[in-house]
Protein chains: 4
Amino acid sequence: MEALVIHAPGDLRVEEFPTDELGPGQLRVRVRCGGICGSDLHYYQHGGFGTVRIQQPMVLGHEVAGVIEAVGEGVTAYAPGERIAVSPSRPCGLCRFCQEGLQNHCLDMRYYGSAMRNPHVQGAFRQQIVVDAYQAHRLADHLTDQEGAMAEPLSVALHGINRAGPLLGKKVLVTGCGPIGALAIIAARRAGAGHIVATDMGAHPLSKALKVGADEVVNIAEEPDGLARFAVDKGQFDVLFEASGNERALRGAFEVLRPRGIIVQLGLSGGEMTLPINAIVAKEFDLRGVFRFHQEFATAVELLNKRLVDVKPLISATVSYRDSARAFALAADRSQAMKVLLSFD
Amino acid sequence: MEALVIHAPGDLRVEEFPTDELGPGQLRVRVRCGGICGSDLHYYQHGGFGTVRIQQPMVLGHEVAGVIEAVGEGVTAYAPGERIAVSPSRPCGLCRFCQEGLQNHCLDMRYYGSAMRNPHVQGAFRQQIVVDAYQAHRLADHLTDQEGAMAEPLSVALHGINRAGPLLGKKVLVTGCGPIGALAIIAARRAGAGHIVATDMGAHPLSKALKVGADEVVNIAEEPDGLARFAVDKGQFDVLFEASGNERALRGAFEVLRPRGIIVQLGLSGGEMTLPINAIVAKEFDLRGVFRFHQEFATAVELLNKRLVDVKPLISATVSYRDSARAFALAADRSQAMKVLLSFD
Amino acid sequence: MEALVIHAPGDLRVEEFPTDELGPGQLRVRVRCGGICGSDLHYYQHGGFGTVRIQQPMVLGHEVAGVIEAVGEGVTAYAPGERIAVSPSRPCGLCRFCQEGLQNHCLDMRYYGSAMRNPHVQGAFRQQIVVDAYQAHRLADHLTDQEGAMAEPLSVALHGINRAGPLLGKKVLVTGCGPIGALAIIAARRAGAGHIVATDMGAHPLSKALKVGADEVVNIAEEPDGLARFAVDKGQFDVLFEASGNERALRGAFEVLRPRGIIVQLGLSGGEMTLPINAIVAKEFDLRGVFRFHQEFATAVELLNKRLVDVKPLISATVSYRDSARAFALAADRSQAMKVLLSFD
Amino acid sequence: MEALVIHAPGDLRVEEFPTDELGPGQLRVRVRCGGICGSDLHYYQHGGFGTVRIQQPMVLGHEVAGVIEAVGEGVTAYAPGERIAVSPSRPCGLCRFCQEGLQNHCLDMRYYGSAMRNPHVQGAFRQQIVVDAYQAHRLADHLTDQEGAMAEPLSVALHGINRAGPLLGKKVLVTGCGPIGALAIIAARRAGAGHIVATDMGAHPLSKALKVGADEVVNIAEEPDGLARFAVDKGQFDVLFEASGNERALRGAFEVLRPRGIIVQLGLSGGEMTLPINAIVAKEFDLRGVFRFHQEFATAVELLNKRLVDVKPLISATVSYRDSARAFALAADRSQAMKVLLSFD
């Protein structure tokens, strides 16, 4: 069985990799499709992000869908041949955070394809993987494998929505329209947002933002003051989803966010930001970090299965895992790609 | 100018009624369409509900849409000829509840067509009405007057959603699929509910419930145990919207509502209920009343304007206000009608 | 070793009872003191409450403090001779509610001295008990064993406070000043309540309510309209802690509770209540059940240890477990007793 | 009548100042005592803070207590001779934020002694002031004028507590033990905090922190790693009240704050901060600004009146307003002063 293994920045190899034995309560899954995430890109380009670095070869990938090949002892809810999305969130279930329902902060999390712990947790960009039954979420027939693989990044966006609190009728600003920003638009719309404005510096992501439900978009490279009319009466937006990781985007939004506005910071920006803490104080903003997800994976698949969200406009291309260099180059090109998926067939 | 005036149970007359003078900051509106609400029906059938009784002739109605005929001094945001929905919520702006953002509990509320205060507040079932500009909400061209008139009951449902807290991915039960229950389904879906089950005792409302977005419906007259499979593990539903006003519906739901489940009681049931307070305690339910709305009216019109909700399936008939007896009889017939609207043209 | 075993209503016997073997991670505790709870009284007087009945002999008791006699393998945090309060809350840690941080709704809870499951869970009114280390909470030297035993009912009150949301500066009404009502006063005061009014029908509990921090008390047997002045402007109280289990108390409070007021129903009243659901709707109350506790036990002991709460005024008497008939008779007499404790020395 | 007028940095003069005429619904108050706030100090030392600068002469001061000299037409709730604390928060009551209950974000706030708007709002460091009756809060006999003047900074701390959410049993860290930090300790304790640790770089403020209720203090100048043991399991503190305005204090706390910890930023630090946004994201912190207060003033006076908080340990000195240079120098000296008050007798 083959897997995509990162050895060093730029050194991503197709290698033989053993499949775990199928234990009780587990499923053996033939992986069919896997989405390239920003963190996969960071490992590929820089060998990590922030203080996290690859220390040993690691299989990348955590956004996958596939077909069940075999079920372990005691598994009755699933059968071979069923198509599933696989949740990469594997908390211990026993630590204080698991016992508080905060599984994404588990003290012993084994998230796929992460170099945060050592030895690293091997990822899911491989032809075959053995998973626990609780990680499996059945896909409706109308969904493609690609859409199934999108359940993971959609879960991140849904978790961001949950962190923001109720959105029904709210005015929402999304800064940064990469995959996570665009999925935040989809999720905010689904959660009842009244008006959604999205900003980015690129035409391609903004065109996608409109396609997935933004009411208006502003290209802040072309129109640096494009949000100015929202500054009236101390600011008009109720909630900001910051998905650019860009300090200027965040600071610029401070002018147009109303007092008591909620700022949801999505994604790891990799660095520090210098912020006008005075504005946070004077307008009593509420700046909330968002890290991964857990329960939201089931919601993501349910919304996809019921056609309550549509992620197809965000799928840019599907490339064979044997052609990973091309796939990763495309994934890094914001002028033409949103989400690039690898095919493992 | 003519209005629909209730004098006593069953005694609803078309009468001449004076139009208020147009003051500064006001709009004179030609009413085109008005929805018959459950409370209008109660005044018509019983002369009131609970302890509220009509003490003097009163114009009924509070769900109306129309066209601006003239604008008062200082009004620049609106122009004659524009189509609007009219919010009947007119709080004082000065009392302690207005100053807390709880306008629906205003100590001096003048809600249209309500006998709660004396002298009663005259309603909006009339050919012409003068309103304050803040009550006006512009309708998109694609909306009919009928849909515009639905903004009011939709606001009630949206307020119910706001009282329930975040619904994204939640399992929702709606008991009672009259207009308010059906609108709660629409609103819950819009707010991201994951699975919606609706119950009623009539085939017609249940068929409408399916049309507006319920995943499943149960006719509890035919299938009294139709919810039994949801009782597993102390109950599966996260939120109950109770819109039947029926004690049995509420009690029945206790079995299938999970611990810490939220019960949102919509609408005035007119009486008392005997409840197993033990179940509320042991499962730590949270029973929340819902009364009218205020800010939600703007949201209702925005969602309608943007086609983010569709209330058309709930519009059963439009009848001339001169034929009010037939309109009210139809509105009272759950076997064939959801919302019946009066035409004032 | 001896235990207090209930066989049938009125039939409470001192009997030999085996001590469990001391396993790894466990403590063997010499029980010194145990409080008689309302549920113990119900078992004694009526054989149960609501639908719960004793089906086989059961050791009563769940409010105990004692001294560690021996520690099991692997226990390093505790040593023989240390004085502790014992939490009776023993959730499974694995079910969906444990994984959500709602341990009090555990699907497999083994709460001491409860006939809710069959076979019943044996209680802690015995001379010796083996507990898991996580159940132990060290007592400060200045605390008596009696105060230590009060940690359990105090936890119930603290859980009620947590269910109510922030109380800082709030106007609080407590109806019913038995032990739980009185502890709710103590806990509400500690949580920053601005003004606390307590009602009861007995002079003795009201005198205790004043002693533990109520600003005012009203004997509603003598002054049925004693709360009338709080009805102004739709009601003055922000939060009601209902600890009487009395329908009239709850209904009477509806008049003086402000719109959006929060009603916290403490304790199992054993029956049904007929409630004016109209008032709950029109004033948008929020009626919340409260059932046991879990995390709050640690808080209870911490507040006691730091003298941040004082429960001594509520301790009415300590009686030998061999004299249980007298102890239970006294515990049932509201005219002279709040909390009666059994001594197991 | 004399007032303390700031003309330029370091140029603070005693000047004649006219008293407003007493209108209906107003009170004429003889000011007896006024606390020097950090913002008064900033005006005195630097002519302002952040982007706010004095543009014209302005009476300083907003923390005052005094005696009613005369009551205007229609005032029945107050009488001459009564001692009151005066709330400096004067919102318009009509703007969108007032109508949402967010008076501290009023679009037309006239806060005493503030150069945020132009012309500036004159302050309360004067012998006589005319106030609206709603600004007056009666002081209990046992309170000194000085304690009464402390109601204002206490309100800021209480507002910070309200922004933090429920504190009952929570582990709280306070960084910076100037007057606001120390008052946050008092308020957190009153709100039921379980354990409070305070840090500062000075011995004097830390000694005060202990006096007003901190369980432990750490002098981070002497013990830079003094919080290290709280870093276990991803951090032990639930809530951080940051009152130092110091970037290093905030960053240092990130290590010891648990995932989902709440950071309440108190006070205007005057500048920008460079923050590891990655940590905010990965631990899903919730960073909340706090700006002034409104409703909390009534709570502050109620808690003082009922001896539920004690601010006396924070009162360092009372100096005549004629000796303002000495008073302001003392107020700026953290090695010996917490709150310095001016006497206007």
Checklist line | Hits in the range A:236-250 (condition: among the polar types (S, T, N, Q) and more than 24 Å from A:Gly38 (Cα to Cα)) | finding: A:Gln236
Item checked: Unique residue being charged (D, E, K, R) and free of Cβ contacts under 8 Å to residues at least 60 places away in the same chain when the list is A:Glu247, A:Glu242 -> A:Glu247
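Conditions (1) assigned to a loop (DSSP other than H, G, I, E, B); (2) closer than 27 Å to A:Ala329 by Cβ, marked per residue:
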residue: A:Val14; (1), (2): no, yes
residue: A:Glu21; (1), (2): yes, no
residue: A:Leu27; (1), (2): no, no
residue: A:Gly34; (1), (2): no, yes
residue: A:Asp40; (1), (2): no, yes
residue: A:Tyr44; (1), (2): no, yes
residue: A:Gln56; (1), (2): yes, yes
residue: A:Gly66; (1), (2): no, yes
Next item on the list: Would you please name the residue that is farthest from C:Met109 (Cα to Cα), looking only at residues in the range B:301-315 that are open to solvent by 10 Å² or more (accessible area, probe 1.4 Å) and within 12 Å of chain A (Cβ to nearest Cβ)?
Entry: B:Asn305
Note to self: For the range A:190-208, which positions are free of Cβ contacts under 8 Å to residues at least 60 places away in the same chain and within 14 Å of chain B (Cβ to nearest Cβ)?
What the structure shows: A:Ala191, A:Gly192, A:Ala193, A:Gly194, A:His195, A:Ile196, A:Val197
Notebook entry, point to check: How many of the residues in the range B:121-159 are farther than 26 Å from B:Arg13 by Cα and of a type outside the set (A, V, I, L, M)?
Noted result: 10
Next item on the list: Name every residue in the range B:187-205 that is open to solvent by 10 Å² or more (accessible area, probe 1.4 Å) and in contact with an Asp or Glu (Cβ under 8 Å, 6 or more places away or on another chain), in order of residue number.
Entry: B:His195
Notebook entry, point to check: Among the residues of the range C:220-238, which ones are within 17 Å of C:Ala209 (Cα to Cα) and under 26 Å from the mean Cα position of the chain (by Cα)?
Noted result: C:Ile220, C:Ala221
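I'm trying to understand the selection: among the residues of the range C:286-300, which are small (Gly, Ala, Ser), surrounded by 24 or more Cβ atoms within 10 Å (Cβ to Cβ) and within 14 Å of chain D (Cβ to nearest Cβ)?
Step one: filter the range C:286-300 for residues small (Gly, Ala, Ser), giving C:289, C:298, C:300.
Still in the list and also surrounded by 24 or more Cβ atoms within 10 Å (Cβ to Cβ): C:289, C:300.
C:Ala300 - this is the single residue of the range C:286-300 that is small (Gly, Ala, Ser), surrounded by 24 or more Cβ atoms within 10 Å (Cβ to Cβ) and within 14 Å of chain D (Cβ to nearest Cβ).
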Margin query: Any residue at all in the range D:172-179 that's in contact with a helix residue (DSSP H, G or I) (Cβ under 8 Å, 6 or more places away or on another chain), in contact (Cβ under 8 Å) with a residue 40 or more places away in the chain, assigned to a helix (DSSP H, G or I) and within 24 Å of D:Gln336 (Cβ to Cβ)?
Written below: yes
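Tell me, which residue of the range B:148-161 that is within 13 Å of chain A (Cβ to nearest Cβ) and touching a strand residue (DSSP E or B) at 6+ places or on another chain (Cβ under 7 Å) is farthest from B:Arg30 (Cα to Cα)? Let's see the steps before the verdict.
Of the range B:148-161, the ones within 13 Å of chain A (Cβ to nearest Cβ) are B:151, B:154-155, B:157-161.
From what is left, the residues that are touching a strand residue (DSSP E or B) at 6+ places or on another chain (Cβ under 7 Å) are B:151, B:159-160.
Working: B:Ala151: 17, B:His159: 27, B:Gly160: 30 Å.
For the range B:148-161, the residue satisfying everything is B:Gly160.
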Next item on the list: Please enumerate the residues belonging to the range B:209-229 that are in contact (Cβ under 8 Å) with a residue 40 or more places away in the chain and either out of contact with any Ser or Thr (no Cβ under 9 Å at 6 or more places or on another chain) or not in a loop (DSSP other than H, G, I, E, B) (or both).
Entry: B:Lys211, B:Val212, B:Ala214, B:Val217
Next item on the list: Any chance you could count how many residues in the range D:1-48 are among the polar types (S, T, N, Q) and out of contact with any strand residue (DSSP E or B) (no Cβ under 8 Å at 6 or more places or on another chain)?
Entry: 1
Margin query: Return the residues of the range C:155-175 that are within 16 Å of the chain's Cα centre (by Cα) and buried (at least 24 other Cβ atoms within 10 Å of the Cβ); say none if nothing qualifies.
Written below: C:Ser155, C:Val156, C:Ala157, C:Leu158, C:His159, C:Gly160, C:Ile161, C:Val174, C:Thr175
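In the range C:162-175, how many are hydrophobic (A, V, I, L, M, F, W, C), within 11 Å of chain D (Cβ to nearest Cβ) and farther than 16 Å from B:Val281 by Cβ?
Step one: of the range C:162-175, the residues hydrophobic (A, V, I, L, M, F, W, C) are C:164, C:167-168, C:172-174.
So of that shortlist, the ones also within 11 Å of chain D (Cβ to nearest Cβ) come out as C:164, C:167-168.
Checking which are farther than 16 Å from B:Val281 by Cβ leaves us with C:167-168.
Result for the range C:162-175: 2.
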Item checked: Enumeration of residues in the range C:255-293 that are out of contact with any Gly (no Cβ under 8 Å at 6 or more places or on another chain) and modelled with pLDDT of 95 or more -> C:Arg260, C:Ile263, C:Leu287, C:Arg288, C:Gly289, C:Phe291, C:Arg292, C:Phe293
Note to self: Restricting to the range A:209-262, name every residue that is open to solvent by 20 Å² or more (accessible area, probe 1.4 Å), in contact with an Asp or Glu (Cβ under 7 Å, 6 or more places away or on another chain) and within 11 Å of chain D (Cβ to nearest Cβ).
What the structure shows: A:Arg258, A:Arg260, A:Ile262
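Yes or no, residue by residue, for (1) within 22 Å of the chain's Cα centre (by Cα); (2) among the acidic types (Asp, Glu); (3) open to solvent by less than 40 Å² (accessible area, probe 1.4 Å):
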position: A:Ile6; (1), (2), (3): yes, no, yes
position: A:Glu16; (1), (2), (3): no, yes, no
position: A:Leu22; (1), (2), (3): no, no, no
position: A:Tyr43; (1), (2), (3): yes, no, yes
position: A:Phe49; (1), (2), (3): yes, no, yes
position: A:Ile54; (1), (2), (3): yes, no, yes
position: A:Val59; (1), (2), (3): yes, no, yes
position: A:Val67; (1), (2), (3): yes, no, yes
Note to self: Going residue by residue through the range C:71-88, is there one that turns out to be in contact (Cβ under 8 Å) with a residue 60 or more places away in the chain and at positive phi?
What the structure shows: no
Margin query: Is it the case, given these coordinates, that B:Gly178 is open to solvent by 10 Å² or more (accessible area, probe 1.4 Å), more than 9 Å from chain A (Cβ to nearest Cβ), under 24 Å from B:Asn104 (Cβ atoms) and not polar (S, T, N, Q)?
Written below: yes
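The values are calculated or read from the model by the stated rules, or taken from the named source; none is laboratory data. This one's a predicted model, so the numbers in the text were calculated from it and none came from an experiment. As a convention, Cβ positions derive from the backbone with ideal geometry for all residues, glycine included, and neighbour counts pool all protein chains shown. The protein model used for the area step is the full one, side chains on, heavy atoms only, and it has no ligands, DNA or RNA in it. Shrake-Rupley method; radii C 1.70, N 1.55, O 1.52, S 1.80 Å.
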